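Below: one structure, written as C-alpha coordinates.
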Amino acid sequence: MPAPSRLASSFVRASQRPLAANYLRATRLYSTAKEPTLKERLIELFPSEIEKVKALRKAKGSTVIGEVTLDQAYGGMRGIKGLVWEGSVLDAEEGIRFRGKTIPEVQAALPKAPGGEEPLPEGLFWLLLTGEVPSESQVKALSAELAARASLPQHVIDLIDGCPATLHPMAQFSIAINALESESAFTKAYEKGVNKRELWLYAYEDAIDLIAKLPPIAAKIYRNVFKDGKVAEIEADKDYSYNFSKLLGFSSNEEFNELMRLYLTIHSDHEGGNVSAHTTHLVGSALSSPFLSLAAGMNGLAGPLHGRANQEVLEWILEMKSKIGSNVTNEDIEKYLWDTLNAGRVVPGYGHAVLRKTDPRYTAQRKFALKHLPDYDLFKLVSQIYEVAPVVLTKHGKTKNPWPNVDSHSGVLLQYYGMTEESYYTVLFGVARAIGVLPQYIIDRALGMPIERPKSFSTEAYAKLVGFELPK
(Lines give C-alpha, C1' and ligand atoms only; values in the text may rest on other atoms or scores of the structure.)
Protein backbone atom coordinates (compact mmCIF):
# COMPACT_ATOMS: atom_id res chain seq x y z
CA MET A 1 0.00 0.00 0.00
CA PRO A 2 1.44 3.43 -0.88
CA ALA A 3 2.13 5.91 1.89
CA PRO A 4 -1.18 7.66 2.64
CA SER A 5 -1.61 11.39 2.15
CA ARG A 6 -2.67 13.65 5.02
CA LEU A 7 -6.27 13.34 3.87
CA ALA A 8 -6.00 9.57 3.53
CA SER A 9 -4.49 9.40 7.01
CA SER A 10 -7.59 11.07 8.43
CA PHE A 11 -9.68 8.46 6.62
CA VAL A 12 -7.57 5.69 8.13
CA ARG A 13 -8.02 7.10 11.61
CA ALA A 14 -11.77 7.33 11.07
CA SER A 15 -11.95 3.79 9.72
CA GLN A 16 -10.43 2.48 12.93
CA ARG A 17 -13.25 3.79 15.08
CA PRO A 18 -15.62 1.32 16.78
CA LEU A 19 -18.32 1.83 14.14
CA ALA A 20 -16.30 0.00 11.49
CA ALA A 21 -14.45 -2.24 13.95
CA ASN A 22 -17.71 -3.93 14.90
CA TYR A 23 -17.66 -5.68 11.54
CA LEU A 24 -13.93 -6.30 11.17
CA ARG A 25 -14.28 -10.01 11.85
CA ALA A 26 -16.96 -10.39 9.18
CA THR A 27 -15.05 -8.41 6.56
CA ARG A 28 -11.89 -10.44 7.16
CA LEU A 29 -13.62 -13.81 7.20
CA TYR A 30 -12.65 -14.75 3.65
CA SER A 31 -10.05 -12.13 2.71
CA THR A 32 -6.32 -12.76 2.54
CA ALA A 33 -3.64 -10.69 4.25
CA LYS A 34 -2.46 -9.41 0.87
CA GLU A 35 -5.78 -8.10 -0.37
CA PRO A 36 -7.54 -5.00 0.98
CA THR A 37 -11.22 -5.01 1.87
CA LEU A 38 -13.53 -2.72 -0.07
CA LYS A 39 -13.37 -0.03 2.60
CA GLU A 40 -9.57 -0.20 2.78
CA ARG A 41 -9.36 0.07 -1.01
CA LEU A 42 -11.55 3.18 -0.98
CA ILE A 43 -9.28 4.76 1.64
CA GLU A 44 -6.45 4.27 -0.85
CA LEU A 45 -8.39 5.47 -3.89
CA PHE A 46 -10.43 8.49 -2.83
CA PRO A 47 -7.56 10.96 -2.20
CA SER A 48 -6.35 10.59 -5.79
CA GLU A 49 -9.91 10.82 -7.12
CA ILE A 50 -10.40 14.07 -5.22
CA GLU A 51 -7.22 15.45 -6.79
CA LYS A 52 -8.37 14.40 -10.28
CA VAL A 53 -11.61 16.34 -9.90
CA LYS A 54 -9.78 19.38 -8.55
CA ALA A 55 -7.36 19.31 -11.46
CA LEU A 56 -10.16 18.93 -14.02
CA ARG A 57 -12.19 21.81 -12.60
CA LYS A 58 -9.16 24.07 -12.28
CA ALA A 59 -8.08 23.50 -15.87
CA LYS A 60 -11.47 23.26 -17.61
CA GLY A 61 -14.08 24.53 -15.17
CA SER A 62 -15.30 27.30 -17.49
CA THR A 63 -15.56 25.08 -20.57
CA VAL A 64 -19.05 24.91 -22.10
CA ILE A 65 -20.11 21.26 -22.31
CA GLY A 66 -23.51 21.62 -24.00
CA GLU A 67 -26.46 23.76 -25.01
CA VAL A 68 -29.96 23.72 -23.59
CA THR A 69 -33.00 24.16 -25.79
CA LEU A 70 -36.44 25.30 -24.77
CA ASP A 71 -37.80 21.89 -25.78
CA GLN A 72 -35.41 20.23 -23.33
CA ALA A 73 -36.62 22.47 -20.49
CA TYR A 74 -40.24 21.55 -21.23
CA GLY A 75 -39.39 17.93 -22.11
CA GLY A 76 -38.18 16.80 -18.71
CA MET A 77 -34.58 18.08 -19.13
CA ARG A 78 -33.93 15.11 -21.41
CA GLY A 79 -30.38 15.03 -22.73
CA ILE A 80 -29.13 18.02 -20.72
CA LYS A 81 -25.56 17.46 -19.54
CA GLY A 82 -25.56 18.40 -15.89
CA LEU A 83 -24.96 15.41 -13.61
CA VAL A 84 -21.80 13.64 -12.47
CA TRP A 85 -22.25 9.86 -12.32
CA GLU A 86 -19.18 7.65 -12.10
CA GLY A 87 -20.64 4.13 -12.16
CA SER A 88 -22.13 3.93 -15.63
CA VAL A 89 -22.66 5.76 -18.89
CA LEU A 90 -25.55 5.03 -21.25
CA ASP A 91 -24.92 5.21 -24.98
CA ALA A 92 -27.93 5.53 -27.28
CA GLU A 93 -26.56 2.88 -29.65
CA GLU A 94 -24.63 0.37 -27.57
CA GLY A 95 -26.46 0.65 -24.24
CA ILE A 96 -25.08 0.69 -20.72
CA ARG A 97 -21.44 0.40 -19.72
CA PHE A 98 -20.56 -0.20 -16.10
CA ARG A 99 -17.23 1.56 -15.50
CA GLY A 100 -16.54 1.17 -19.21
CA LYS A 101 -17.61 -2.48 -19.40
CA THR A 102 -20.56 -3.78 -21.41
CA ILE A 103 -22.96 -6.27 -19.86
CA PRO A 104 -21.29 -9.26 -21.59
CA GLU A 105 -17.90 -8.00 -20.39
CA VAL A 106 -19.22 -7.66 -16.84
CA GLN A 107 -20.66 -11.17 -17.05
CA ALA A 108 -17.26 -12.50 -18.09
CA ALA A 109 -15.11 -10.49 -15.69
CA LEU A 110 -16.88 -10.51 -12.34
CA PRO A 111 -16.55 -13.39 -9.83
CA LYS A 112 -19.29 -16.00 -9.80
CA ALA A 113 -20.80 -18.40 -7.29
CA PRO A 114 -19.28 -21.91 -7.18
CA GLY A 115 -20.56 -23.71 -10.27
CA GLY A 116 -22.42 -20.59 -11.44
CA GLU A 117 -22.14 -18.62 -14.67
CA GLU A 118 -23.78 -15.30 -13.78
CA PRO A 119 -21.90 -12.46 -12.04
CA LEU A 120 -22.33 -11.82 -8.33
CA PRO A 121 -23.96 -8.40 -7.75
CA GLU A 122 -21.62 -7.84 -4.79
CA GLY A 123 -18.82 -7.80 -7.35
CA LEU A 124 -20.65 -5.21 -9.42
CA PHE A 125 -21.06 -3.02 -6.32
CA TRP A 126 -17.27 -3.17 -5.89
CA LEU A 127 -16.73 -2.36 -9.57
CA LEU A 128 -19.14 0.61 -9.52
CA LEU A 129 -17.53 2.02 -6.40
CA THR A 130 -13.86 1.57 -7.30
CA GLY A 131 -13.69 1.04 -11.06
CA GLU A 132 -11.85 -2.21 -10.37
CA VAL A 133 -12.81 -5.87 -10.80
CA PRO A 134 -12.54 -7.54 -7.38
CA SER A 135 -11.01 -10.95 -6.73
CA GLU A 136 -13.08 -13.94 -5.66
CA SER A 137 -11.82 -13.70 -2.10
CA GLN A 138 -12.65 -9.98 -1.92
CA VAL A 139 -16.20 -10.67 -3.07
CA LYS A 140 -16.52 -13.53 -0.57
CA ALA A 141 -15.48 -11.15 2.18
CA LEU A 142 -18.06 -8.62 1.03
CA SER A 143 -20.74 -11.35 0.87
CA ALA A 144 -19.88 -12.34 4.43
CA GLU A 145 -20.09 -8.75 5.61
CA LEU A 146 -23.51 -8.29 4.02
CA ALA A 147 -24.76 -11.51 5.62
CA ALA A 148 -23.42 -10.33 9.01
CA ARG A 149 -25.33 -7.04 8.77
CA ALA A 150 -28.64 -8.41 7.48
CA SER A 151 -30.68 -8.55 10.71
CA LEU A 152 -33.52 -6.03 10.98
CA PRO A 153 -34.45 -3.90 14.00
CA GLN A 154 -37.62 -5.16 15.61
CA HIS A 155 -39.46 -1.91 15.02
CA VAL A 156 -38.94 -2.30 11.25
CA ILE A 157 -40.32 -5.86 11.34
CA ASP A 158 -43.30 -4.65 13.37
CA LEU A 159 -43.88 -1.80 10.91
CA ILE A 160 -43.95 -4.16 7.92
CA ASP A 161 -46.21 -6.58 9.79
CA GLY A 162 -48.58 -3.67 10.48
CA CYS A 163 -49.01 -2.80 6.81
CA PRO A 164 -52.25 -4.02 5.21
CA ALA A 165 -51.81 -6.59 2.45
CA THR A 166 -53.66 -4.19 0.16
CA LEU A 167 -50.83 -1.63 0.39
CA HIS A 168 -48.63 -1.94 -2.71
CA PRO A 169 -45.35 -3.76 -1.97
CA MET A 170 -43.34 -0.75 -3.17
CA ALA A 171 -45.07 1.53 -0.67
CA GLN A 172 -44.23 -0.96 2.10
CA PHE A 173 -40.65 -1.14 0.82
CA SER A 174 -40.23 2.63 1.02
CA ILE A 175 -41.79 2.81 4.49
CA ALA A 176 -39.40 0.18 5.84
CA ILE A 177 -36.32 1.87 4.35
CA ASN A 178 -37.35 5.18 5.91
CA ALA A 179 -37.74 3.44 9.26
CA LEU A 180 -34.12 2.27 9.10
CA GLU A 181 -33.10 5.90 9.60
CA SER A 182 -32.98 5.01 13.29
CA GLU A 183 -29.81 3.03 12.50
CA SER A 184 -28.05 5.73 10.46
CA ALA A 185 -24.39 6.14 11.35
CA PHE A 186 -24.24 9.01 8.87
CA THR A 187 -26.94 11.03 10.63
CA LYS A 188 -25.42 10.40 14.04
CA ALA A 189 -21.96 11.43 12.81
CA TYR A 190 -23.28 14.62 11.22
CA GLU A 191 -25.11 15.56 14.42
CA LYS A 192 -21.84 15.12 16.32
CA GLY A 193 -20.07 17.51 13.94
CA VAL A 194 -17.78 15.02 12.20
CA ASN A 195 -15.39 16.64 9.70
CA LYS A 196 -17.10 16.73 6.31
CA ARG A 197 -14.06 15.04 4.73
CA GLU A 198 -14.86 11.95 6.80
CA LEU A 199 -18.61 11.82 6.13
CA TRP A 200 -18.10 9.33 3.31
CA LEU A 201 -16.96 6.72 5.85
CA TYR A 202 -20.32 6.90 7.59
CA ALA A 203 -22.12 7.00 4.26
CA TYR A 204 -20.26 3.79 3.42
CA GLU A 205 -21.36 2.15 6.67
CA ASP A 206 -24.99 3.11 6.04
CA ALA A 207 -24.84 1.96 2.42
CA ILE A 208 -23.45 -1.46 3.32
CA ASP A 209 -26.00 -1.80 6.12
CA LEU A 210 -28.79 -0.80 3.77
CA ILE A 211 -27.83 -3.18 0.96
CA ALA A 212 -27.52 -5.96 3.55
CA LYS A 213 -30.97 -5.31 5.02
CA LEU A 214 -32.92 -4.89 1.78
CA PRO A 215 -33.36 -8.63 1.06
CA PRO A 216 -34.85 -9.31 4.54
CA ILE A 217 -37.14 -6.29 4.11
CA ALA A 218 -38.17 -7.29 0.59
CA ALA A 219 -38.67 -10.93 1.60
CA LYS A 220 -40.74 -10.02 4.64
CA ILE A 221 -43.06 -7.98 2.43
CA TYR A 222 -43.33 -10.82 -0.10
CA ARG A 223 -43.97 -13.49 2.51
CA ASN A 224 -46.53 -11.29 4.33
CA VAL A 225 -48.52 -10.27 1.27
CA PHE A 226 -48.43 -13.48 -0.77
CA LYS A 227 -47.39 -16.36 1.52
CA ASP A 228 -47.42 -17.35 5.18
CA GLY A 229 -45.41 -14.45 6.62
CA LYS A 230 -42.50 -16.69 7.63
CA VAL A 231 -38.98 -15.76 6.47
CA ALA A 232 -36.01 -18.14 6.51
CA GLU A 233 -32.62 -17.43 8.07
CA ILE A 234 -29.62 -15.95 6.26
CA GLU A 235 -26.73 -18.37 5.61
CA ALA A 236 -23.47 -16.65 6.56
CA ASP A 237 -21.33 -18.48 4.00
CA LYS A 238 -23.60 -17.90 0.97
CA ASP A 239 -23.69 -15.11 -1.58
CA TYR A 240 -26.15 -12.22 -1.57
CA SER A 241 -28.44 -13.53 -4.31
CA TYR A 242 -28.62 -17.04 -2.85
CA ASN A 243 -29.67 -15.60 0.50
CA PHE A 244 -32.22 -13.31 -1.12
CA SER A 245 -33.70 -16.27 -3.01
CA LYS A 246 -33.78 -18.29 0.21
CA LEU A 247 -35.59 -15.54 2.12
CA LEU A 248 -38.15 -15.32 -0.67
CA GLY A 249 -38.55 -19.11 -0.60
CA PHE A 250 -36.85 -20.04 -3.89
CA SER A 251 -33.26 -20.99 -3.06
CA SER A 252 -33.80 -24.71 -3.67
CA ASN A 253 -33.83 -23.90 -7.39
CA GLU A 254 -30.26 -23.08 -8.48
CA GLU A 255 -31.51 -21.69 -11.78
CA PHE A 256 -33.59 -19.13 -9.88
CA ASN A 257 -30.50 -18.22 -7.84
CA GLU A 258 -28.65 -17.64 -11.10
CA LEU A 259 -31.53 -15.56 -12.41
CA MET A 260 -31.36 -13.41 -9.27
CA ARG A 261 -27.63 -12.88 -9.78
CA LEU A 262 -28.24 -11.76 -13.35
CA TYR A 263 -31.33 -9.73 -12.46
CA LEU A 264 -29.71 -7.81 -9.60
CA THR A 265 -26.64 -7.09 -11.72
CA ILE A 266 -28.29 -5.78 -14.88
CA HIS A 267 -31.02 -3.79 -13.06
CA SER A 268 -28.56 -2.05 -10.72
CA ASP A 269 -27.28 1.06 -12.48
CA HIS A 270 -28.42 2.90 -15.59
CA GLU A 271 -26.68 6.27 -15.53
CA GLY A 272 -27.62 9.07 -13.15
CA GLY A 273 -30.48 10.76 -14.99
CA ASN A 274 -33.24 8.18 -14.48
CA VAL A 275 -35.81 9.04 -11.82
CA SER A 276 -34.66 6.67 -9.07
CA ALA A 277 -30.96 7.42 -9.50
CA HIS A 278 -31.41 11.17 -9.84
CA THR A 279 -33.80 11.34 -6.89
CA THR A 280 -31.41 9.42 -4.63
CA HIS A 281 -28.58 11.73 -5.72
CA LEU A 282 -30.69 14.90 -5.31
CA VAL A 283 -31.96 14.06 -1.83
CA GLY A 284 -28.47 12.93 -0.82
CA SER A 285 -27.05 16.27 -1.93
CA ALA A 286 -28.96 17.84 0.97
CA LEU A 287 -26.94 15.51 3.25
CA SER A 288 -29.96 13.37 3.95
CA SER A 289 -28.74 9.92 4.98
CA PRO A 290 -28.48 6.99 2.54
CA PHE A 291 -31.66 5.57 4.10
CA LEU A 292 -33.75 8.69 3.44
CA SER A 293 -32.17 9.24 0.04
CA LEU A 294 -32.79 5.71 -1.20
CA ALA A 295 -36.35 5.73 0.13
CA ALA A 296 -36.98 8.83 -1.99
CA GLY A 297 -35.47 7.08 -5.00
CA MET A 298 -37.70 4.06 -4.42
CA ASN A 299 -40.78 6.27 -4.46
CA GLY A 300 -39.68 7.36 -7.92
CA LEU A 301 -38.98 3.80 -9.02
CA ALA A 302 -42.55 2.89 -8.05
CA GLY A 303 -43.95 5.04 -10.85
CA PRO A 304 -45.47 3.35 -13.94
CA LEU A 305 -43.17 5.34 -16.24
CA HIS A 306 -40.14 3.93 -14.42
CA GLY A 307 -39.73 0.73 -12.40
CA ARG A 308 -43.37 -0.27 -12.19
CA ALA A 309 -43.31 -0.76 -15.97
CA ASN A 310 -42.15 -4.36 -15.43
CA GLN A 311 -45.46 -5.07 -13.69
CA GLU A 312 -47.43 -3.40 -16.48
CA VAL A 313 -45.60 -5.35 -19.20
CA LEU A 314 -46.52 -8.71 -17.75
CA GLU A 315 -50.12 -7.66 -17.12
CA TRP A 316 -50.34 -6.54 -20.77
CA ILE A 317 -48.85 -9.83 -22.05
CA LEU A 318 -51.17 -11.94 -19.89
CA GLU A 319 -54.12 -9.86 -21.04
CA MET A 320 -53.09 -10.46 -24.67
CA LYS A 321 -52.80 -14.19 -24.05
CA SER A 322 -56.22 -14.38 -22.38
CA LYS A 323 -57.92 -12.51 -25.23
CA ILE A 324 -56.18 -14.21 -28.18
CA GLY A 325 -55.69 -17.70 -26.78
CA SER A 326 -52.79 -20.12 -27.01
CA ASN A 327 -52.19 -20.34 -30.76
CA VAL A 328 -51.03 -16.76 -31.29
CA THR A 329 -49.99 -15.72 -34.79
CA ASN A 330 -47.93 -12.71 -35.80
CA GLU A 331 -51.08 -11.26 -37.35
CA ASP A 332 -52.89 -11.60 -33.99
CA ILE A 333 -50.05 -9.76 -32.25
CA GLU A 334 -50.01 -7.01 -34.89
CA LYS A 335 -53.74 -6.42 -34.46
CA TYR A 336 -53.42 -6.39 -30.67
CA LEU A 337 -50.57 -3.88 -30.88
CA TRP A 338 -52.61 -1.57 -33.10
CA ASP A 339 -55.61 -1.93 -30.78
CA THR A 340 -53.39 -0.89 -27.87
CA LEU A 341 -52.01 2.13 -29.75
CA ASN A 342 -55.36 3.21 -31.15
CA ALA A 343 -56.81 3.14 -27.64
CA GLY A 344 -54.30 5.83 -26.71
CA ARG A 345 -52.10 3.47 -24.69
CA VAL A 346 -48.39 2.84 -25.03
CA VAL A 347 -46.99 -0.60 -25.73
CA PRO A 348 -45.38 -1.45 -22.37
CA GLY A 349 -41.80 -2.67 -22.48
CA TYR A 350 -40.94 -0.84 -25.69
CA GLY A 351 -39.15 2.48 -26.08
CA HIS A 352 -36.54 4.21 -23.94
CA ALA A 353 -35.65 7.81 -23.12
CA VAL A 354 -32.06 7.36 -24.34
CA LEU A 355 -31.61 4.03 -26.12
CA ARG A 356 -32.22 3.76 -29.84
CA LYS A 357 -31.58 0.01 -30.19
CA THR A 358 -32.60 -3.15 -28.34
CA ASP A 359 -31.69 -2.77 -24.65
CA PRO A 360 -28.64 -4.97 -23.85
CA ARG A 361 -30.37 -5.85 -20.57
CA TYR A 362 -33.22 -7.34 -22.62
CA THR A 363 -30.68 -9.27 -24.67
CA ALA A 364 -28.98 -10.65 -21.54
CA GLN A 365 -32.30 -11.93 -20.23
CA ARG A 366 -33.21 -13.38 -23.63
CA LYS A 367 -29.95 -15.36 -23.68
CA PHE A 368 -30.74 -16.67 -20.20
CA ALA A 369 -34.20 -17.75 -21.38
CA LEU A 370 -32.87 -19.39 -24.53
CA LYS A 371 -30.59 -21.48 -22.34
CA HIS A 372 -32.93 -22.37 -19.48
CA LEU A 373 -36.53 -22.10 -20.74
CA PRO A 374 -36.60 -22.10 -24.56
CA ASP A 375 -39.96 -23.90 -24.78
CA TYR A 376 -41.85 -21.81 -22.21
CA ASP A 377 -45.01 -20.47 -23.84
CA LEU A 378 -44.72 -16.94 -22.43
CA PHE A 379 -41.09 -16.73 -23.57
CA LYS A 380 -42.17 -17.77 -27.05
CA LEU A 381 -44.84 -15.07 -26.97
CA VAL A 382 -42.30 -12.43 -25.90
CA SER A 383 -40.07 -13.56 -28.78
CA GLN A 384 -42.97 -13.21 -31.22
CA ILE A 385 -43.77 -9.73 -29.95
CA TYR A 386 -40.08 -8.88 -30.48
CA GLU A 387 -40.50 -9.79 -34.16
CA VAL A 388 -43.68 -7.75 -34.68
CA ALA A 389 -43.65 -4.75 -32.32
CA PRO A 390 -40.72 -2.80 -33.81
CA VAL A 391 -42.37 -2.89 -37.24
CA VAL A 392 -45.73 -1.69 -35.88
CA LEU A 393 -44.18 1.02 -33.73
CA THR A 394 -42.09 2.26 -36.66
CA LYS A 395 -45.23 2.51 -38.82
CA HIS A 396 -47.03 4.25 -35.96
CA GLY A 397 -44.31 6.88 -36.09
CA LYS A 398 -44.62 8.32 -32.58
CA THR A 399 -41.98 6.18 -30.87
CA LYS A 400 -38.36 7.28 -31.25
CA ASN A 401 -37.14 3.87 -30.11
CA PRO A 402 -39.32 0.95 -31.30
CA TRP A 403 -37.10 -1.64 -29.60
CA PRO A 404 -37.66 -3.56 -26.34
CA ASN A 405 -36.26 -2.36 -23.03
CA VAL A 406 -35.34 -4.25 -19.87
CA ASP A 407 -38.94 -4.50 -18.67
CA SER A 408 -40.06 -6.51 -21.71
CA HIS A 409 -38.50 -9.71 -20.43
CA SER A 410 -37.96 -9.80 -16.66
CA GLY A 411 -41.54 -10.63 -15.66
CA VAL A 412 -41.72 -13.65 -17.96
CA LEU A 413 -38.58 -15.14 -16.41
CA LEU A 414 -39.95 -14.67 -12.91
CA GLN A 415 -43.28 -16.22 -13.91
CA TYR A 416 -41.50 -19.32 -15.20
CA TYR A 417 -39.82 -19.96 -11.85
CA GLY A 418 -43.03 -19.52 -9.89
CA MET A 419 -42.93 -15.88 -8.80
CA THR A 420 -46.27 -15.05 -10.35
CA GLU A 421 -47.11 -11.98 -8.25
CA GLU A 422 -46.37 -9.19 -10.74
CA SER A 423 -47.22 -6.40 -8.28
CA TYR A 424 -44.07 -7.42 -6.40
CA TYR A 425 -41.63 -7.20 -9.30
CA THR A 426 -40.67 -3.57 -8.75
CA VAL A 427 -39.43 -4.45 -5.25
CA LEU A 428 -36.87 -6.78 -6.86
CA PHE A 429 -35.91 -3.89 -9.11
CA GLY A 430 -35.55 -1.71 -6.00
CA VAL A 431 -33.09 -4.09 -4.33
CA ALA A 432 -31.04 -4.09 -7.53
CA ARG A 433 -31.18 -0.32 -7.99
CA ALA A 434 -29.77 0.23 -4.49
CA ILE A 435 -26.62 -1.61 -5.57
CA GLY A 436 -26.29 0.89 -8.41
CA VAL A 437 -27.11 4.23 -6.77
CA LEU A 438 -25.49 3.88 -3.34
CA PRO A 439 -21.92 3.77 -4.74
CA GLN A 440 -22.51 7.24 -6.20
CA TYR A 441 -23.87 8.45 -2.85
CA ILE A 442 -20.60 7.38 -1.21
CA ILE A 443 -18.54 8.99 -3.99
CA ASP A 444 -20.56 12.21 -3.72
CA ARG A 445 -19.76 12.51 -0.04
CA ALA A 446 -16.08 11.67 -0.60
CA LEU A 447 -15.78 14.36 -3.29
CA GLY A 448 -17.75 16.87 -1.23
CA MET A 449 -20.40 17.38 -3.91
CA PRO A 450 -22.67 20.38 -3.16
CA ILE A 451 -26.42 20.53 -2.84
CA GLU A 452 -28.10 20.34 -6.25
CA ARG A 453 -29.93 23.51 -7.20
CA PRO A 454 -30.63 24.11 -10.91
CA LYS A 455 -32.18 27.37 -12.09
CA SER A 456 -35.85 27.43 -13.06
CA PHE A 457 -37.96 29.93 -15.03
CA SER A 458 -41.66 30.51 -15.55
CA THR A 459 -43.17 30.17 -19.02
CA GLU A 460 -43.38 33.97 -19.21
CA ALA A 461 -39.71 34.31 -18.27
CA TYR A 462 -38.71 31.70 -20.86
CA ALA A 463 -40.70 33.55 -23.50
CA LYS A 464 -38.77 36.74 -22.72
CA LEU A 465 -35.50 34.81 -22.73
CA VAL A 466 -36.07 33.55 -26.28
CA GLY A 467 -37.72 36.71 -27.58
CA PHE A 468 -41.24 35.35 -28.02
CA GLU A 469 -44.53 37.10 -27.31
CA LEU A 470 -47.00 34.74 -25.72
CA PRO A 471 -50.53 34.67 -27.18
CA LYS A 472 -53.09 36.61 -25.16
Handout entry: Enumeration of residues in region 233-247 that are within 18 Å of Ile221 (Cβ to Cβ) and surrounded by fewer than 24 Cβ atoms within 10 Å (Cβ to Cβ)
Key = Glu233, Ile234, Lys246, Leu247
Fill in the blank from the handout: Taking region 125-149 and keeping residues part of a helix (DSSP H, G or I), touching a strand residue (DSSP E or B) at 6+ places or on another chain (Cβ under 9 Å) and within 17 Å of Arg97 (Cα to Cα) leaves Leu127, Leu128
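Per-residue answers, yes or no, for (1) within 22 Å of Glu271 (Cβ to Cβ); (2) in contact (Cβ under 8 Å) with a residue 60 or more places away in the chain; (3) under 27 Å from the mean Cα position of the chain (by Cα):
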residue: Lys39; (1), (2), (3): no, yes, yes
residue: Glu44; (1), (2), (3): no, no, yes
residue: Glu51; (1), (2), (3): no, no, no
residue: Ala59; (1), (2), (3): no, no, no
residue: Thr69; (1), (2), (3): yes, no, no
residue: Glu86; (1), (2), (3): yes, yes, yes
residue: Ala92; (1), (2), (3): yes, yes, yes
residue: Arg99; (1), (2), (3): yes, no, yes
Fill in the blank from the handout: Across (1) farther than 14 Å from Glu422 by Cβ; (2) touching a Pro at 6+ places or on another chain (Cβ under 9 Å), Val313 clears everything bar (1)
Problem - Index of the failed condition, Glu105 passing every other in (1) of a type outside the set (Ser, Thr, Tyr); (2) outside any strand (DSSP E or B); (3) open to solvent by 80 Å² or more (accessible area, probe 1.4 Å); (4) modelled with pLDDT under 95 - result: (4)
Fill in the blank from the handout: The lone condition Gly448 fails out of (1) closer than 30 Å to Asn330 by Cα; (2) open to solvent by 10 Å² or more (accessible area, probe 1.4 Å) is (1)
Problem - Any chance Val412 is part of a helix (DSSP H, G or I), of a type outside the set (Phe, Trp, Tyr) and closer than 23 Å to Asn299 by Cα - result: no
Practice task
Working carefully through the options Tyr336, Tyr362, find the one that is under 30 Å from Lys81 (Cβ atoms), aromatic (Phe, Trp, Tyr) and not in a loop (DSSP other than H, G, I, E, B).
Solution key: Tyr362
Exercise for the section: Go through (1) of a type in the set (Asp, Glu); (2) in a helix (DSSP H, G or I); (3) over 26 Å from the mean Cα position of the chain (by Cα) and name the single condition Glu122 misses. Expected result: (3)
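To keep it simple, each residue is scored yes or no on (1) open to solvent by less than 10 Å² (accessible area, probe 1.4 Å); (2) at pLDDT 95 or above; (3) part of a helix (DSSP H, G or I); (4) out of contact with any Ser or Thr (no Cβ under 6 Å at 6 or more places or on another chain).
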position: Ile96; (1), (2), (3), (4): yes, no, no, no
position: Ser151; (1), (2), (3), (4): no, yes, no, yes
position: Gln172; (1), (2), (3), (4): yes, yes, yes, yes
position: Ala179; (1), (2), (3), (4): no, yes, yes, yes
Practice task
Tally the residues that are part of a helix (DSSP H, G or I), open to solvent by less than 70 Å² (accessible area, probe 1.4 Å) and at pLDDT below 90, restricting the search to region 298-313.
Solution key: 4
Handout entry: Of residues in region 372-410 being within 13 Å of His352 (Cα to Cα) and touching a Leu at 6+ places or on another chain (Cβ under 6 Å), the one surrounded by the most Cβ atoms within 10 Å (Cβ to Cβ)
Key = Pro402
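The values are calculated or read from the model by the stated rules, or taken from the named source; none is laboratory data. As the structure is a prediction and not an experimental result, all values here were calculated from the model. Virtual Cβ from ideal backbone geometry, glycine too; neighbours counted across all protein chains shown. The accessibility values were calculated without ligands, DNA or RNA, using every heavy atom of the protein model including side chains. Shrake-Rupley method; radii C 1.70, N 1.55, O 1.52, S 1.80 Å.
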